[in-house]
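Asks: The structure under discussion is supplied below as structure tokens; questions concerning it will follow.
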Amino acid sequence: MDQRCPPRPHCSARRSAISWVRIVLPWLAFSLALVESAAAAREIPRVADLWSLQPVVRSPIPAGFTDSTNAVDAFIAEACHKRGLSALPAADPLVWLRRVSLDLTGLPPTPAEQDQFLRDTSATGREQVVERLLASEQYGVRYGRHWLDVLRYADVDNDMPAGPGIHLWRDWIITALNHDLPYDAFVRAQISGNRAARRRIISPEGHLSTVGPRPEDLFALGFLARGAVSRENADHQLAFSAVETLSTAFLGMTIGCARCHDHFFDPLKQADFYSLKAVFDPLVLRPVELATSAERFAQGRAVEEHDARVQEVVTAMREYIAPYHTRLYEERLSALPADAQAAIRKPAAQRTAAEQKVADDYHPILRIDPSKIKAVMPPERIPRYDEFLKQIGALKAPPPLPVFWTVADDPKRAAEKSYVLTTGDPARPKLSQEVTPGFPFITSQPEFRDGRRETLGDWLTSPTNSLFARVVVNRIWQWHFGTGLHPSANDFGALGGKPSHPRLLDWLAAEFVAQKYSMKWLHRLIVTSETYRRASASHREQDAANHRIDPDNTYLWRFPLNRLDAESLRDSLLQIAGALDLTAGGKSIEASTNTLVPQRRTAYVRRGYQASREVMSPYLQTFDVEDGRTVCPRRTQTVTAPQALFLMNSQLVDNVAGQLAERWRQTGTNDLAARMTLAFRTVLGRPPSESEQATARAYLQDETGTEKNLAWLILNLDEFLYVP
Amino acid sequence: MSHNLVGRSHDAGAFSGHSRRQFLFQTTAGFFGAALGSLWAQDGRIAGARITPELPPRAKSVIFLFMCGGVSHIDTFDPKDNKWAGKLIDAIGFGDNLAEMKRPVIPCRRTFTRYGESGIPVSDWFPNLGGVVDELAIVRSMWCHETNHFPAVTEMATGHRDRVVEHASLGSWVNYALGSENQNLPAFVNLGRPSSPIQLSGGYLGAAFAATPFQPGPVPIPDLQPPPGTSSVDRERRLRTLAELNRGFREQHEIHSAIAARTRAYELAARMQLSAPEAVDFGTEPEAVKRLYGIGAKETDEFGKRLLLARRLVERGVRFIQVCHAGNGGNGGWDSHDDMEGHAPLCRQTDLPIAGLIRDLKQRGLLEDTLVVWTSEFGRTPWSQNTTGRDHNPKGFTSWLAGAGVRGGTILGATDDVGYRAVESPVYINDLQATIVNRLGLDHRKLEVAINGRPVRLIEEGSKPVQAILD
């Protein structure tokens, strides 16, 4: 930031008051305006009334509506039957293959994978494809990206202290998904740093042992560390952010409203918010250095050498400019009030605290920049001075050792009481409203034997928490179908609407718990269903009744069309060009349009926000990638002219078209049909139809009809961007 | 939707969910439906936002000139005598400054001349603007809250200071409320590098309403033109073949609105390929007009080109043209802490072109329905940090407006004796924004959308258009 900002105040409490009021007041203003109308318009439901807070009920699987043995199909078929909808038949097998490959890994099926699938005529052919995809490391990259949107991953967010090393949290998530870490452990680890549900074990012999965190679960705490976006007030930001993100992500509740006032629509009191926040109040941000011992020794030497080199030049330079510096300094000092002068002239060690404050206050005035020195220096001496400055600028400090920012409970903060804060301002606790750590929607508060966050993790992930499993199975459903069984993935409250298939949602939630929270189990169940296999193409006339009864396809009588997201689009293009580097993990990268060297998957491209500069590439912005500042349950899917321009004219698409044409030539065949088949299968996952072949043939007959242009045409087809 | 840059997919299930953008789709009828019928503009998104739907608005377009870094009002449009110069004054209460602090007032070295019939004084740094001062309504009593660049730029751009949600910039609100008048160009265009990406952001209104930045040179939009070597015959043939190859898929998926929207997006992209280069091509502009903007002269060439382009975009129906000056991705070029002389070249770069823009708009009859606004994120203090420059000052600064029924040759408000605080008729930046949307015929109270059931506005309760400077 600005080197010459107005001086910062020295009273941190006042400072924090200002910044918090700034953030919260505007919300409060219109919130208050809402109070009357809201209170008049609607009754706040009691815990007993809100559907999502009722216990999960596992209904019997409906019988007699479908031949499928998949429970998903049974519930969906029953709902269609009840409304008089006739579901569409299955899509072409290759359409399904492309759909499921892009869905589970974010990558299109290669021609070899298509061949393998078509050759396997056994009954388990589809299951084998699903197993292959779920076992692929690329599954974690794809679904990790979904979770990172929900958990607010960002490489940069203003002055987020946890920025360096935050990618290790991203990599932890990807690894956890690839190992099918049970969802309850996935959440517990990110809240407490320990995935274990049973942290004390008494052996049959009577020995007590404790189960500590696995070493890599340190990185799961990036979830909490990411919450602070500046060093000032970082601890309070952590706690607020933890409550808001975890309540939205894991509970599907917009508890954030209760930060300033009792929730208007849901049974949440302001005290509930602060009770939950009290769980996180003891947290402080801590850096963990990740260097080896050898690296630390080497760093020590490198820093020492660097400092010595700088000191050498600085000493010589100070001597060189001393007369001018002293003169300017004296001029400025003598303009100050007498008492300030006296304080500043004292050696620092002898100043009283008050005198030190005066010295600090006037520090900006007494700072003398090179331009001022040069203004009073004889001109012939300036080049040598510039030389000094250049020398200092050229001395680069050794890069810092790798670090990861985590959180830790601070015993001093843990001993402090927590209060409801007026307008969320940490400097304005309501002393009459002390809160103790606790959780919303429950009557008897838990005992915190094992630590606050561990206990929260136990409550959150308990099978009796009616929101926990419902929210996650709904998210996963939404990632497969585009829309959840409950339409508002982040809001299971009174304003979020009602689920379209409440019994299916509950059955999935109950079975998910019974399946030990296995996310891969749920993926498998969904993508092997007939519901997931349906065609998406539909004629208004042919399916007139369906369109009339359910135009929005709420009841899934067809499969919804989905646009490739930014990651899948760029990854597909790179794979088509043979330029995709599938290495997983590591620091985030900048997107490149060069396809002559393999490029990493787009999940690893930097994202985030900073007021002073663009963090995210225009490409990511054009294709609706969020910057991680809010919990994003689902990307917006815009259709814009800049997207069309990217596909029509961008360097990346031009390169890919060239490389695709080159691949045809390398097949060595002159048979146009064979070449076209390769192109269609590489890009669209299917061979061309006869009419497509005829159109392409006609196109190539003209002199402008180059093979590269034909590749361009295929890349610009609707069917490439929109997966049927 | 047919005239917009954007369509949205129904099929993505976009009508539910609570992402900050998706709330748009939760309003009952949705703007694809009934809401559209009542609007004067085909693509406006806020029903009933017009003040008097039966009358045309005073402004068809806005040119919003943003000087990045904080222009000193004291050295340009708000002269003070130098009686305080050299004295240490109390700067308590300045910004976040709660410490007891004395700061030395520095003298203003400018001379001011009274210009035009109005006799409004303008500094010798802006002699050409002096020549058009009778067109300007100068507001000497602007204020905002934020003391540092990025927060203040955010406040000026979005009308808000909090970052609990990503607020939308003024231009994107205009785009959202009014839509585009031109079928071939975006409604909100930015020229010149801004201080912060927030000035371009569509925030919770969505990326589709964000500014389209036009780059200098013959290719104003990235990927606008096909790679070199593509002939227009080739391009047309390809697009024809593409339509043919797409036909089957489009028929099969005709019910998906995204597919129809994509067809239109390609059409618009193709039209933009033709119309955007035409808009940025100055080949048909007479030399005299280019000279008016200072094009061809070293210091004024770059900014002059930006302003001539702004006029050409006005002629083509672009609604909101934001022109940034001295944005450097940092604090902004006008941030003269060290020495006020830092302003001198920046004034030379902008003085002639802005005056040229006003004259050119006037002679073409465009000033009648084009609003020109000139502002910074804040002004500068009377004192220095013991340099010959000035510090940031949100408590009092100057903006001016011209055209579209703004009373030219007027001064509104005043700062105190040293030029620190706005003391007479203070105008908060929300008031300035209300004034701008008022000229566009919009009721500032109606610029409101709901996020998660909570209304969010461009302009908060209590602010209103500055009627005193409006006809």
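Every read-out reported here was derived from the displayed coordinates using simple, explicitly stated rules and does not represent laboratory data. None of the values given here were measured: they were computed from a predicted structure. Cβ coordinates were reconstructed from backbone atoms using ideal geometry, including for glycine residues, and neighbour counts include every protein chain displayed.
Asks: Where does helix A:270-280 land angle-wise versus the long Cα axis of chain A, in degrees 0 to 90, nearest 10?
Replies: Helix A:270-280 sits at roughly 80 degrees to that axis.
Asks: Exposed loop sites here are GluC sites (Glu not before Pro) in DSSP loop states with at most 12 other C-beta atoms within 10 Å. What is the longest stretch of chain A lacking them?
Replies: The segment A:206-415 is the longest one with no such site.
Asks: Might you report the magnitude of the Cβ-based charge dipole of chain B about its Cα centre, with Lys and Arg at +1 and Asp and Glu at -1, to the nearest 20 debye? Please list the in-between numbers first.
Replies: Numbers: 52 positive and 52 negative charges, 137 e Å.
Using Cβ point charges on Lys, Arg, Asp and Glu, chain B gives about 660 debye.
Asks: State the extension gain, in nm to one decimal, for the chain segment bounded by A:Gln116 and A:Ala698, taking 0.36 nm per residue of separation less the distance between their alpha-carbons.
Replies: Values: separation 582, 0.36 × 582 = 209.52 nm, distance 3.20 nm.
Roughly 206.3 nm would be gained on extension.
Asks: Given axes a ≥ b ≥ c from the Cα gyration tensor, I'd like to know whether segment B:340-471 is rounded (a/c under 1.5), prolate (a/b larger than b/c) or oblate.
Replies: Values: a/c = 1.94, a/b = 1.20, b/c = 1.61.
It is oblate, given that a/c is not under 1.5 and a/b is not larger than b/c.
Asks: If Rh is defined by the Kirkwood formula over all Cα pairs and Rg also comes from Cα, what ratio Rg/Rh do you get for segment A:48-195?
Replies: Details: Rg = 20.3 Å, Rh = 19.1 Å.
Expressed as Rg/Rh, it is 1.06.
Asks: While we're on this one: In debye, nearest 20: dipole of the protein assembly as shown around its Cα centre with unit charges on the Cβ of K, R (+) and D, E (-)?
Replies: I would put it at about 720 debye.
Asks: Next question, about the same structure. Along the positive direction of the dipole of the protein assembly as shown (beta-carbon charges: Lys, Arg +1; Asp, Glu -1; about the Cα centre), which of B:Pro228, A:Gln190, B:Ala187 reaches farthest?
Replies: Of the candidates, A:Gln190 comes out farthest on the positive side.
Asks: Over its Cα atoms, what ratio of radius of gyration to 2.2 N^0.38 Å does segment A:645-723 give?
Replies: Dividing the Cα radius of gyration by 2.2 N^0.38 Å gives 1.02.
Asks: Taking only the alpha carbons of segment A:616-680, what extent do you get along each of the three principal axes, in Å, biggest first?
Replies: Per principal axis, max minus min of the Cα coordinates gives 53, 22, 18 Å.
Asks: Take the Cα radius of gyration of chain A and divide it by 2.2 N^0.38 Å, with N its residue count; two decimals is plenty.
Replies: Numbers: Rg = 30.9 Å, N = 724, 2.2 N^0.38 = 26.9 Å.
Scaled against compact globular proteins, the figure is 1.15.
Asks: If you take every DSSP beta bridge whose two residues both sit in chain B, what share of them, in percent to the nearest 5, is antiparallel? Don't jump to the answer; show the numbers that get you there.
Replies: Numbers: 26 of 52 bridges.
Taking every DSSP beta bridge with both residues in chain B, the antiparallel ones total about 50 percent.
Asks: May I ask for the angle, rounded to the nearest 10°, between helix A:293-334 and the longest principal axis of chain A, with both axes built from Cα atoms and the value confined to 0 to 90°?
Replies: Around 50 degrees separate the two axes.
Asks: Something else now. From the square roots a ≥ b ≥ c of the eigenvalues of the alpha-carbon gyration tensor of segment A:48-130, which class results: rounded (a/c under 1.5), prolate (a/b over b/c), or oblate? Before the final figure, lay out each step's value.
Replies: Numbers: a/c = 2.60, a/b = 1.88, b/c = 1.38.
Prolate.
Asks: Please list the helices of chain B that count as membrane-span-like by this rule: a mean Kyte-Doolittle hydropathy of at least 1.6 together with Cα atoms stretching 18 Å or more along the helix axis, each helix being a complete DSSP H run. Working shown, then result.
Replies: On the way: long enough: B:232-252 (30 Å, -1.41); B:257-280 (33 Å, 0.14); B:301-315 (21 Å, -0.29); B:343-363 (29 Å, -0.20).
Sorted by number, there is nothing, because no helix extends far enough and scores high enough.
Asks: What base-10 log of the normalised intensity I(q)/I(0) is obtained for segment B:192-272 from the Debye formula, alpha carbons as equal point scatterers, at q = 0.24 Å⁻¹?
Replies: -1.17
Asks: Given the DSSP H assignment, sum -39500 (n - 2.57) over each helix run of at least 4 residues in chain A and divide by its residue total; what's the result at 222 nm in deg cm²/dmol, nearest 500? Display every interim value, and only then the final one.
Replies: Values: 31 runs with 365 residues, N = 724.
-15500 deg cm²/dmol, from helical runs alone.
Asks: Please compute the average number of Cβ atoms from other chains found within 10 Å of each residue's Cβ in peptide A:605-618. Could you put the intermediate results ahead of the total?
Replies: Details: counts 0, 0, 0, 0, 5, 3, 11, 10, 4, 4, 1, 1, 0, 3.
For peptide A:605-618, the averaged partner shielding equals 3.
Asks: Could you work out [θ]222 nm for chain B from helices alone, using -39500 (n - 2.57) per DSSP H run of at least four and dividing by all its residues? Round to the nearest 500 deg cm²/dmol.
Replies: Values: 10 runs with 126 residues, N = 471.
Estimated from H runs of four or more residues: -8500 deg cm²/dmol.
Asks: Of B:Gly379, B:Ala310, B:Ala207, which is farthest on the positive side of the dipole of the protein assembly as shown, counting Cα position, with +1 on Lys and Arg Cβ, -1 on Asp and Glu Cβ, and the Cα centre as origin?
Replies: Of the candidates, B:Gly379 comes out farthest on the positive side.
Asks: OK, next. Would you work out the relative contact order for segment A:293-394, in percent, from Cα pairs under 8 angstrom that are 6 or more residues apart? Could the numbers behind the result be given before it?
Replies: Numbers: 39 pairs, mean separation 38.2, N = 102.
Averaging sequence separation for qualifying contacts and normalising by length gives 37 percent for segment A:293-394.
Asks: Just how far, in whole angstrom, is segment B:196-215 from segment A:378-421 if you go by their alpha carbon centroids?
Replies: Answer, in whole Å: 33.
Asks: Let me ask you something else. For chain B, the longest stretch holding no GluC sites (Glu not before Pro) located in a DSSP loop with at most 12 other Cβ atoms within 10 Å is which?
Replies: Longest site-free region, per DSSP loop and neighbour criteria: B:118-460.
Asks: Which angle between 0 and 90 degrees, to the nearest 10, do you get for helix A:12-41 versus the longest principal axis of chain A when only C-alpha atoms count?
Replies: For A:12-41 against chain A, the angle is about 40 degrees.
Asks: State, to one decimal in nm², a quarter of the convex hull surface area for the C-alpha atoms of segment A:125-240, i.e. the direction-averaged projected area.
Replies: Working: hull surface 39.5 nm².
Computing the convex hull of the Cα atoms and averaging its projections yields 9.9 nm².
Asks: Let me ask another. Which of the lysines could a cross-linker span from A:Lys417 if the Cα-Cα distance has to be under 26 Å and same-chain partners fewer than 8 positions apart are dropped?
Replies: Straight-distance partners of A:Lys417: A:Lys269, A:Lys277, A:Lys430.
Asks: When only DSSP loop residues count, what trypsin sites (Lys or Arg not before Pro) in segment B:212-299 have their Cβ near at most 11 other Cβ atoms within 10 Å? Intermediate results must be reported in sequence, preceding the final value.
Replies: On the way: sites: B:Arg235, B:Arg237, B:Arg238, B:Arg240, B:Arg247, B:Arg250, B:Arg262, B:Arg264, B:Arg271, B:Lys290, B:Arg291, B:Lys298; in loops: B:Lys298.
Here the sparse-neighbourhood loop sites are B:Lys298.
Asks: For segment A:645-723, what is the relative contact order in percent, using Cα pairs closer than 8 Å and at least 6 residues apart in sequence? Walk me through the numbers before you get to the answer.
Replies: On the way: 56 pairs, mean separation 29.3, N = 79.
The value is 37 percent.
Asks: Quick check for me: using +1 on Lys/Arg Cβ and -1 on Asp/Glu Cβ, what's the dipole size of segment A:279-363 about its Cα centre, in debye to the nearest 20? Walk me through the numbers before you get to the answer.
Replies: Values: 11 positive and 14 negative charges, 34 e Å.
Dipole magnitude for segment A:279-363 comes out near 160 debye.
Asks: Looking at the protein assembly as shown, what % of its DSSP beta bridges pair antiparallel, to the nearest 5? All intermediate terms of the calculation are to be shown ahead of the outcome.
Replies: Numbers: 47 of 78 bridges.
DSSP beta bridges in the protein assembly as shown are roughly 60 percent antiparallel.
Asks: Rounded, prolate or oblate: which fits segment A:293-394, taking a ≥ b ≥ c as square roots of the Cα gyration tensor eigenvalues, rounded meaning a/c under 1.5, else prolate when a/b beats b/c? Intermediate results must be reported in sequence, preceding the final value.
Replies: Numbers: a/c = 3.23, a/b = 1.28, b/c = 2.53.
Taking the square roots of the gyration eigenvalues as a ≥ b ≥ c, segment A:293-394 is oblate.
Asks: For Cα pairs less than 8 Å apart in space and 6+ apart in sequence, what is the mean separation divided by the residue count of chain A, i.e. the relative contact order in percent? The partial results should precede the final answer.
Replies: Numbers: 1035 pairs, mean separation 153.4, N = 724.
Relative contact order for chain A comes out at 21 percent.
Asks: Place +1 on the Cβ of every Lys and Arg and -1 on the Cβ of every Asp and Glu in segment A:645-723, take the dipole about the Cα centre, and give the residue among A:Leu710, A:Tyr699, A:Gly668 whose Cα lies farthest towards its positive end.
Replies: A:Gly668
Asks: Something else now. In segment A:184-227, which trypsin sites (Lys or Arg not before Pro) fall in coil by DSSP and have 15 or fewer other Cβ atoms within 10 Å?
Replies: A:Arg198
Asks: Which trypsin sites (Lys or Arg not before Pro) in segment A:292-392 pass both tests, a DSSP loop state and at most 15 other beta-carbon atoms within 10 Å? Don't jump to the answer; show the numbers that get you there.
Replies: On the way: sites: A:Arg296, A:Arg301, A:Arg309, A:Arg318, A:Arg327, A:Arg332, A:Arg345, A:Arg351, A:Lys357, A:Arg367, A:Lys372, A:Lys374, A:Arg381, A:Arg384, A:Lys390; in loops: A:Arg351, A:Arg367.
Hits after loop and neighbour filter: A:Arg367.
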